[in-house]
Every structure is written in C-alpha cells, then in structure tokens.
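For reference, the structure is listed below as structure tokens.
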Amino acid sequence: MTLFTHQNPNQNNSDDELIENFWAVIPAGGPGTRLWPLSRSARPKFLLPLLGDDSLLQQTFERLKRLTAPSRIMVVCGPAHVASIARQLPDLPTANIIVEPSPSPRP
C-alpha cells in the first residue's frame, strides 16, 4: 500500500490521497535573532518570505496540506505571534494554534 506518491508541489492531494490518522505539528518560535537584522523578535524568520513569495511557515503549511487536512495541522508558537500566524494561514483552524505558556517570573 502506497501512502504518498510524488506529485506537483503546487497541487494538493485529494482527500482520498491523504495519510490516514496523520497529524502534523509545526514548531514556530524562537527569538528571531539568528538572521538579524532581517529577522527580529517581532518578525521571526518563519514569518518572512525568505525563499519566494510565501513565508517559511506558509510554505511548510502548503507542503503538509498534501499529506493531511488543515484540521490535522497544529502550529505551536508564543503569544506574540498568534495573530500573524492566523493571518498567514487562513485555512488553519484557530483552535489549531497552540500558544506556549510564558515563563513565570521568579521571586
């Protein structure tokens, strides 16, 4: 049984070609300092279009949509990036954006 076959990267799989019971998690975080000054904490590299017109996050999401439905894709991020992620990924259910807890202040 073949779960996934090669196809045009701009073409989505039909529902019957998706991998059954497959969930994807995209970690989208970090301070955004490695590509400074292009990437900063308010504009981390995953939100930037470094390789084409779409951001790295959008490109990853599009690749994963060929494997599973958007309802089975989760994005984990910090609170500062929730709105930007929701804007960039309108097909992602908002409930699938998981916000990391902020560190508690130490006494």
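Tabulated data for the structure shown
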{"read-out": "Search result, residues across region 55-107 that are more than 15 Å from ALA28 (Cβ to Cβ), small (Gly, Ala, Ser), outside any helix (DSSP H, G or I) and free of Cβ contacts under 8 Å to residues at least 40 places away in the same chain", "value": "SER102, SER104"}
{"read-out": "Residue ID - surrounded by the most Cβ atoms within 10 Å (Cβ to Cβ), chosen from residues in region 65-107 that are under 19 Å from LEU47 (Cβ atoms) and among the charged types (D, E, K, R)", "value": "LYS65"}
{"read-out": "Unique residue being more than 18 Å from the chain's Cα centre (by Cα), surrounded by 10 or more Cβ atoms within 10 Å (Cβ to Cβ), at pLDDT below 95 and of a type in the set (Phe, Trp, Tyr) when the list is PHE46, PHE4", "value": "PHE4"}
{"read-out": "Sole exception among (1) closer than 22 Å to SER102 by Cβ; (2) at pLDDT 85 or above; (3) touching a helix residue (DSSP H, G or I) at 6+ places or on another chain (Cβ under 7 Å) for SER39, by number", "value": "(2)"}
{"read-out": "Identity of the residue in region 42-77, of a type in the set (Ser, Thr, Tyr) and touching a strand residue (DSSP E or B) at 6+ places or on another chain (Cβ under 7 Å), that ends up farthest from PHE22 (Cα to Cα)", "value": "THR60"}
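The values are calculated or read from the model by the stated rules, or taken from the named source; none is laboratory data. All figures in this text were calculated on a predicted structure; none of them were measured in a lab. Every residue, glycine among them, receives a Cβ derived from its backbone with ideal geometry; neighbour counts consider all protein chains shown.
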